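> Just passing along the structure, written as structure tokens.
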Amino acid sequence: MNYIKELLAELGINAGLSVYLANIILILIIGIVSLAAKFLTNKVVLRIVTHYIRNNRFQWDNYLLERKVFHKLSLIVPAIIFYYFSFSFPAYQALIEKGIAIYLIVVVLLVLDASLNAVNDIYRTFDISRSRPIKGYVQVVKIFLFIIGGILAISSLIGESPVILISGIGALSAVMMLIFKDSLLGLVAGVQLTTNDMVKVGDWIEMPKYGANGDIIDISLHTVKVQNFDKTITTIPSYALISDSFINWRGMQEAGGRRIKRAVYIDMNSIGFCTPAMIEKFKKIHLLSEYILDKEKEIGHYNRENEIDHTVSVNGRALTNIGVFRAYIERYIEQHPKIHKSMTRIVRQLAPGETGLPLEIYAFTNDISWVVYEGVQSDIFDHILAIAPEFGLHVFQSPSGHDFRGSMPKAEAY
């Protein structure tokens, strides 16, 4: 600084103007040196670091590079240069040092923020991250660091000890609790969700209250993001998964079987006893031949022992078309290659009603893929609906206009 003043004095510039010009020249020199140092850091140092990281055998440091941790760390260089030249401005040195201190606090916070993001990215490469995500905890640490950084910046600006500000914040704890209510609720919910293994990334959950029905793609401190099957995104507050009920389909996915639970409604007017001709026809069905023979022996033996009078159909035991049909469906489900053999398989009658007699199929597919599951379910019911008339049964449906049209008398011509 003095050297510049002396140089300006030799050029014949008066003392007052020389001080002003010297300050401007020094500021320009500082700016040029800072830009040169930043350029050198970006073009040389960072390129060397980037080349080393991309070509070594480690993978974790690539996430530090992607989060620009080293780029943000290079922002410290201009602060070092400004601090070195701050002694040239004794009148403004204290103010410059405060500005540099605040700048360094901001840079350190940016570096820590990027580093924590990189830590979360590295953690997500492990399988445990799906069931034990740490994004919520990382966000809590960030909030804590930003609060500490804000306290340090303010204390540096006003020239007071950080302890005084912290004690003042203690007096405002009720206000702070109100401000950070969602964060605290999210933190508690995150701990409970993780500890109890309630949800993890990739789980299919269903929460009608929030219109969510899809896969979890992200779990953070405040929210859980669900990508619905129509590719929309539903955001649910983390604490809502604790306070409200929801369905998690992970058990189905882990079990390897997806449930079919659907009924066919049989017109009860078509239900009746099997005639001898029907029984002979059923014997020719591969899935029923053994069943019919066994049932004939069982029923014949029972009727002979009890001296049943066959002239009245109500007496004794006899095969019914609905019973044979149910037996056929049971055997058809059992031999189906896409039905899970070690899970429950039931063909049962439900309580009859105004829509007929429900015959419910309860089974599990051995493929949990939605497309495959729907295809298997459709194939099974295609077959059941098509085969019902072979047993003398009619599937119930409400009459349509076409049904009435066939029964209405034709209008007379005049």
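The values are calculated or read from the model by the stated rules, or taken from the named source; none is laboratory data. Not measured: the values here are computed from a predicted model. Positions of Cβ are backbone-derived with ideal geometry, glycine not excepted, and every protein chain shown enters the neighbour counts.
> Using the structure shown, decide if L221 is aliphatic (A, V, I, L, M), surrounded by fewer than 17 Cβ atoms within 10 Å (Cβ to Cβ) and not assigned by TED's automatic domain parsing to the domain that holds R130.
Here the answer is no, as L221 does not meet what is asked.
> Considering S270, S313, S289, which residue is among the small types (G, A, S) and within 28 Å of F364 (Cα to Cα)?
On inspection, the qualifying residue turns out to be S289.
> Using the structure shown, decide if D230 is at positive phi and either part of a loop (DSSP other than H, G, I, E, B) or not hydroxyl-bearing (S, T, Y) (or both).
The answer is no for D230.
> Can you run down the residue pairs with Cβ atoms below 7 Å, 6 or more apart or on separate chains, where the first is in the range 301-314 and farther than 21 Å from T275 by Cβ and the partner is among the small types (G, A, S)?
N306/G316
> Considering N315, N269, N303, which residue is out of contact with any His (no Cβ under 9 Å at 6 or more places or on another chain) and of a type in the set (S, T, N, Q)?
Of the residues listed, the single one that is out of contact with any His (no Cβ under 9 Å at 6 or more places or on another chain) and of a type in the set (S, T, N, Q) is N315.
> At pLDDT 75 or above and farther than 30 Å from I236 by Cβ: which single residue out of I128, I148 fits that description?
On the way: I128 fails: farther than 30 Å from I236 by Cβ.
Criteria check complete, one pass: I148.
> In the range 189-209, what residues are buried (at least 17 other Cβ atoms within 10 Å of the Cβ) and assigned to a helix (DSSP H, G or I)?
Selection gives A189, G190, L193, T194.
> If you take the residues of the range 347-368 that are in contact (Cβ under 8 Å) with a residue 40 or more places away in the chain and over 37 Å from the mean Cα position of the chain (by Cα), which of them is farthest from F325 (Cα to Cα)?
T355
> Can you tell me which of Y332, Y291, Y362 is crowded, with 17+ Cβ neighbours inside 10 Å and within 30 Å of M252 (Cα to Cα)? Please lay out each step first, then the result.
Working: Y291 fails: within 30 Å of M252 (Cα to Cα); Y362 fails: crowded, with 17+ Cβ neighbours inside 10 Å.
Going through Y332, Y291, Y362 in turn, the sole match is Y332.
> If you don't mind, another one. Out of the residues in the range 308-337 that are among the charged types (D, E, K, R) and over 20 Å from L385 (Cβ atoms), which is modelled with the highest pLDDT?
R317
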